[in-house]
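Take a look at the structure set out below.
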C-alpha cells in the first residue's frame, strides 16, 4: 500500500509569512495538483512584542499592528480555501508558535480568538535569541548559555515548558537546535541532553500529540530530517507518532523530499497510516 501524500506542517507564503514567493492559494493549489490527501496550513504567529520583529521586517516597515492584521487576513483566506478545496483534499488551518518572553499568554490569546484546527508548537528562540537564523545568532546564544551543551539543555527545557503549557497537537522540528552544530549526533546522546529528549517525548506521548518529521532540514543543509535518527528510534519505542511535514515556503517547497521522508519512516518501522492532528490528540 502506497503511503498517502500529506504534510502536517506547511503553507508558509509570501503573502502571510516569510516565503520569497507564492500566495497561499498558489501553494494550496499545488498541494491539490500533487495529489495530497490532506495538508496542514500553519503560518507563523505575529510577534508578542516589537522586540521580536526581525531586522528585515522592520526595514520593510512592518509593525505589530500590521503583522496582526496580516494574521487575521491569513485565517480568513485559509478558511475560504479550506471550503473551496474540500472536494479535492482535506485542509486543516492552524498556526506555528514561537517561544520567547510572553509567548504563553500570547499564544493562548491567539488560539482563543482564531480557533485553529490545531497548532504546531515550535521553539525558534533560546534566551530570546533566534537560533533558527544566521550562524552568528546561534553563536551568541551559545555564548550566553555558557556553551553548546548548555544551550541544548536550555532548548529542550524550554521545549518542555511549551509542550506542558500549550499542549500543542503537533511539535514542530523537535531538534532544530542542532541546526548549526556539526557534532550534534554525539551531543544528542550525552546523558544530560538525552534524558531531556526522553522526558519531552514522554510528555508528547502522554498528550497524544504528533512529531513533525520536518523535511525542510534538507534545504538547510542537513543530512537527515528533524528529527534525527537517534530521537526517531526513541520516539518509535515510546509509541509517539511521526508524520511528514514539508514546511513548504512557497510552491517550490510543496512535497519536497516527501518520498525520502516516507522511506526513512517506513524503514524505521513507523506506520504510514498517518494520524490527523487533533484526531488522536487531547481535547482542548
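Coordinate-derived values only; no laboratory data. All of these numbers come straight from a predicted model, not from anything done at the bench. We place every Cβ from the backbone using ideal geometry, glycine too, and count neighbours over all the protein chains shown.
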Relative contact order, percent, the stretch 1-105 [alpha-carbon distance under 8 Å, six or more residues apart]: 31
Square roots of 5 times each gyration tensor eigenvalue, C-alpha, the stretch 9-83, largest first, Å: 25, 12, 10
Least to most buried among 130, 242, 153 (fewest other Cβ within 10 Å first): 130, 153, 242
Rg and Dmax of the stretch 164-203, Cα atoms only, in Å: 11.5, 31
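Restricting to DSSP H runs of at least four residues, report the calculated mean residue ellipticity at 222 nm for the chain, -39500 (n - 2.57) per run over all residues, nearest 500 deg cm²/dmol.
After summing the helix terms and dividing by the residues of the chain, the value is -13500 deg cm²/dmol.
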Contact order relative to length of the chain, as percent, for alpha carbon pairs under 8 angstrom and 6 or more apart: 22
Virtual spin-label span in nm between residue 260 and residue 20, 7 Å along Cα→Cβ: 1.8
Order of 234, 68 under a 10 Å beta carbon neighbour criterion, fewest first: 68, 234
Length-normalised contact order for the stretch 179-284 - Cα pairs under 8 Å, 6+ apart - percent: 28
Pair residue 236, residue 4: separation of 7 Å Cα→Cβ label points (nm): 2.3
Principal semi-axes in Å for the chain [√(5λ), Cα gyration tensor, largest first]: 26, 24, 18
Paramagnetic label zone (point 7 Å from Cα along Cα-to-C-beta, residue 189; backbone N under 12 Å) in the stretch 206-238: 229-231
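For the stretch 6-268, give the share of DSSP beta bridges that are antiparallel, in percent and rounded to the nearest 5; count only bridges with both residues there.
In the stretch 6-268, DSSP labels about 10 percent of beta bridges as antiparallel.
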Tensor-based shape of the stretch 135-272 (alpha-carbon gyration tensor, a/c under 1.5 rounded, otherwise prolate or oblate): oblate
Burial ordering of 187, 182, fewest other beta-carbon atoms within 10 Å first: 182, 187
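Nearest 5 is fine: what % of DSSP beta bridges in the stretch 35-171 come out antiparallel, could you say? Don't jump to the answer; show the numbers that get you there.
Numbers: 2 of 14 bridges.
Once the DSSP bridges in the stretch 35-171 are tallied, antiparallel ones form about 15 percent.
Per residue and in Å³, how big is the convex hull formed by the alpha-carbon atoms of the stretch 55-192? Don't jump to the answer; show the numbers that get you there.
On the way: hull volume 19.9 nm³, N = 138.
Convex hull volume per residue, Cα atoms: 144 Å³.
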Cα gyration tensor shape of the stretch 89-137, rounded if a/c is under 1.5, else prolate or oblate by comparing a/b with b/c: oblate
